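Notes for the one structure printed next.
Rule-based calculations on the coordinates, nothing more; no lab input. Predicted model only: the values in this text are computed from it and were never measured. No Cβ is skipped: glycine too gets one built from the backbone with ideal geometry, and neighbour counts run over all protein chains shown.
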């Protein structure tokens, strides 16, 4: 039996079986699942367990429990790999017990350019630190270990696509975030990386952002092609353990949701979102500061929102944002207060009106430009009852949410009304006229 023996036990995690099991269970203490979704793909860090074990365990919690094979994509740190390395090992050892390799799947990777390079695995920690978690959460699962060198991320995406059709297959992307920056700079870089992951942007991610950036980009590209999204579970860095902020390593964890971001968040956090909007308004009415704690980290993703207030079926305020520049939890709270107290069409909301309020929160997808060269082509491209529409020209802009279609169902009248809202003439059109579509999910 060709078994890959452990090489970083006692360094990156405990070599003692009982202590390792105890440590993993300790990472799960007070780590409550924020929603009941189970995924087939996660991004998790690969530092020493004492530094990133808790956030890695959180990611593994979201993997489906009936997966039979896990592909583990990890960067090669110790050995120069041209494209990506696979191994001839039949099993990988862990203190919790050996894990079998799915050798049939491994051999299929030769078609994608993989090479058998056992030497690359000998002292590599980026796969090994994940194995105790796999043994804990899916003790019977096999693995397909892959060490990535200079491979193009689209190859990784192609591999995921190929094996995605088997519902018993899952994927673990092993990667830390920024390395050895001061805490403030690390948070800035890791924030950019998180935005790219959560908005399905895989082009131009740099190795300085994440050591496993190729694997991350492969999963992000796969999500983009399928209309899926990556949901944040948390971000931290080594200073949380060491207290040393002058040079830190960043860690983050995400899981793949098989639906777009707006749909996922609206389906799983609708009640919380509406409560946030209500509490934000009530706190200002009561002249108390707003403090939000223990919220799902999924709400740290940057998204645009609109908050609409009604009383007795009549509009009482509506304010929102078009582009996600702040965490959606912040955006919702700000827009709720602004809709209640700063909509120029209405006087500020009074306390006696609060109990009568009907609050609607719309989550917006990222705007996408229409392709058109004439107003007729723009009208043809617009989809009633689906598209929210943004127009821009001559320094002016206006937006209608998709709900406005129910009031103005005719495309021509809809566009005319939107132009007038922007302060344009109803028949205005020019070579610089811009129009964008977006969709919403109402909670």
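Considering only 338, 294, 199, the Gaussian network model of the chain with Cα springs below 10 Å gives its largest mean-square fluctuation to 294. Taken as Cα centroids, segment 123-149 and segment 344-399 sit 47 Å apart, rounded to the nearest whole angstrom. Computed over the chain, the per-residue total of -39500 (n - 2.57) for DSSP H runs of n ≥ 4 gives a 222 nm mean residue ellipticity of -10000 deg cm²/dmol, rounded to 500.
Give the angle, between 0 and 90 degrees and rounded to the nearest 10, that separates the Cα long axis of helix 17-28 from the longest principal axis of the Cα atoms of the chain. So the helix axis and the longest Cα principal axis differ by about 0 degrees.
If the label point is 7 Å along Cα→Cβ of residue 352, which residues in segment 296-314 have backbone nitrogen under 17 Å from it? 311-312, by backbone N distance to the label point.
For segment 423-443, the residues whose amide N sits under 19 Å from a probe point set 7 Å from the Cα of residue 278 along the beta carbon direction are 442-443.
The label point for residue 82 and the one for residue 19, both projected 7 Å from the Cα toward the Cβ, are 4.2 nm apart. Multiplying the residue separation of residue 287 and residue 158 by 0.36 nm and subtracting their alpha-carbon distance yields 41.0 nm.
When the chain is treated as a Gaussian network with alpha carbon springs shorter than 10 Å, the biggest mean-square fluctuation among 312, 324, 53 belongs to 312. For helix 49-61, report the angle its Cα long axis makes with the longest principal axis of the Cα atoms of the chain; keep it between 0 and 90° and round to the nearest 10°. Computed tilt is about 60 degrees.
Indicate the gyration tensor shape class of the chain (rounded, prolate or oblate), computed on the Cα atoms with a ≥ b ≥ c the square roots of the eigenvalues: a/c under 1.5 is rounded; otherwise a/b larger than b/c is prolate and the rest oblate.
Here the chain falls in the prolate category.
The overall shape of segment 361-404, judged from the alpha-carbon gyration tensor, is oblate: a/c is not under 1.5, and a/b is no greater than b/c. Once the Cα atoms are used to define both axes, helix 261-285 deviates from the longest principal axis of the chain by about 60 degrees. Ordered by the number of other Cβ atoms lying within 10 Å of each residue's own Cβ, fewest first, 29, 307, 3, 101 fall into the sequence 29, 3, 101, 307.
What does the C-alpha gyration tensor say about the overall shape of segment 295-443? Classify as rounded when a/c is under 1.5, otherwise prolate if a/b is larger than b/c, or oblate. Judged from the Cα gyration tensor, segment 295-443 comes out prolate (a/c at least 1.5, a/b above b/c). Our estimate of slack between residue 244 and residue 104, defined as 0.36 nm per intervening residue step minus the Cα-Cα distance, is 45.9 nm.
For residue 32 and residue 376, the FRET efficiency from 1/(1 + (r/R0)^6), where r spans their Cβ atoms and R0 equals 56 Å, is about 0.55.
Exposure proxy check: 286, 387 ranked by fewest other beta carbons within 10 Å? Please report the intermediate quantities before stating the final value.
Details: 286 9, 387 22.
With the sparsest Cβ surroundings first, the list reads 286, 387.
Taking only the alpha carbons of segment 111-240, we obtain Rg and Dmax values of 15.3, 43 Å in that order.
By the beta-carbon count within 10 Å of each Cβ, the least crowded to most crowded order of 46, 179, fewest first, is 179, 46.
Estimated from the Cβ-Cβ distance and a Förster radius of 60 angstrom, the FRET efficiency linking residue 396 and residue 295 is about 0.95. Its alpha carbons give segment 12-88 an Rg and a Dmax of 14.7, 42 Å. Debye calculation, C-alpha points only, no solvent: report log10 I(q)/I(0) for segment 263-361 at q = 0.10, 0.14, 0.15, 0.17 Å⁻¹, in the same order as the q values. Log10 of I(q)/I(0), two decimals: -0.24, -0.48, -0.56, -0.71.
Using only alpha carbon pairs under 8 Å that are at least six residues apart, calculate the relative contact order of the chain and give it in whole percent. Working shown, then result.
On the way: 910 pairs, mean separation 58.1, N = 443.
It rounds to 13 percent for the chain.
Mind checking which of 253, 266, 174 has the largest fluctuation in a GNM of the chain, springs on alpha carbons under 10 Å? Per the Cα network of the chain with a 10 Å cutoff, 266 tops the list.
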